[in-house]
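The values are calculated or read from the model by the stated rules, or taken from the named source; none is laboratory data. Remember, predicted model here, so these are calculated numbers, not experimental data. Cβ: placed from backbone, ideal geometry, glycine included. Neighbour counts: every protein chain shown. Ligands, DNA and RNA are excluded from the accessible area calculation, which covers all protein heavy atoms including side chains. Shrake-Rupley method; radii C 1.70, N 1.55, O 1.52, S 1.80 Å.
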Amino acid sequence: MQAVAPTQTVQAVPASERLPFGRANTVLVSHETLLTFFIGYLVAQVRAILQPICHPVPPPLIYVEFFNFSNLHYYMVDNIRVAAPAPKIEMFLVQRRFRSNGRPLGDIIPLDNVCQVVQLIPKFGVKAPKEMTCDNCLDVGREFYLNSFADKETFHAILSYQ
């Protein structure tokens, strides 16, 4: 049985003078390979929504930048390392993936691969960096908690993808 989730909106606003990093929502996407810590699912930030112009009109595509699940919290299942939530707060810890040249690792994928819109919460040390705002926290921050408590749909989506 497949559940029908409520409609959700994903933002991918390009950089501007007012928003130097743009505004880009984060999502949980299905992935072809099962070599991820989250067994076939990845967290990604949607940077652009693309609609190819041709006939017949194909489904929309999105350009995303990926996050890795942290190696700090895991458990073993049949000698396979599986990501686990951070103790005490019960949220997964993720970090942005980078290429060897320091640029974020991204790809163009079908919009249909999006399973759920998710919230990332910056992980702070003793205090938040002074330059961090709600508009740039995903670009300034290094580590984030995947908020599985945002709403019941997100809670059940993240539980079911484990």
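Side notes on the structure shown:
- Subset of the range 77-100 (residues that are closer than 18 Å to Tyr41 by Cα and loosely packed, with under 10 Cβ neighbours inside 10 Å): Val77
- Output for the range 134-162, where each listed residue is open to solvent by less than 70 Å² (accessible area, probe 1.4 Å) and modelled with pLDDT of 85 or more: Asp135, Asn136, Cys137, Leu138, Asp139, Val140, Gly141, Glu143, Phe144, Tyr145, Leu146, Asn147
- Subset of the range 34-47 (residues that are under 13 Å from Pro104 (Cβ atoms) and either open to solvent by 30 Å² or more (accessible area, probe 1.4 Å) or at pLDDT 95 or above (or both)): Ala44, Gln45, Val46, Arg47
- Ser70 vs. criteria within 28 Å of Glu131 (Cα to Cα), at pLDDT below 90 and under 14 Å from the mean Cα position of the chain (by Cα): yes
- For the condition surrounded by 10 or more Cβ atoms within 10 Å (Cβ to Cβ), at negative phi and either assigned to a strand (DSSP E or B) or in contact with a Phe, Trp or Tyr (Cβ under 8 Å, 6 or more places away or on another chain) (or both), Leu72 does not qualify.
- Test: Tyr63 is of a type in the set (Ser, Thr, Tyr), in contact (Cβ under 8 Å) with a residue 24 or more places away in the chain, open to solvent by less than 60 Å² (accessible area, probe 1.4 Å) and part of a strand (DSSP E or B): no
- Scanning the range 113-147 for residues that are assigned to a loop (DSSP other than H, G, I, E, B) and either closer than 26 Å to Leu61 by Cα or not hydrophobic (A, V, I, L, M, F, W, C) (or both) gives Lys123, Gly125, Lys127, Pro129, Lys130, Glu131, Thr133, Asp135, Asn136, Gly141, Arg142.
Condition check ((1) at pLDDT below 90; (2) among the acidic types (Asp, Glu); (3) under 12 Å from the mean Cα position of the chain (by Cα)) across all residues:
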{"position": "Leu61", "(1), (2), (3)": "no, no, no"}
{"position": "Tyr75", "(1), (2), (3)": "yes, no, no"}
{"position": "Asp78", "(1), (2), (3)": "yes, yes, no"}
{"position": "Arg81", "(1), (2), (3)": "yes, no, no"}
{"position": "Phe98", "(1), (2), (3)": "no, no, no"}
{"position": "Gly106", "(1), (2), (3)": "no, no, yes"}
{"position": "Cys115", "(1), (2), (3)": "yes, no, yes"}
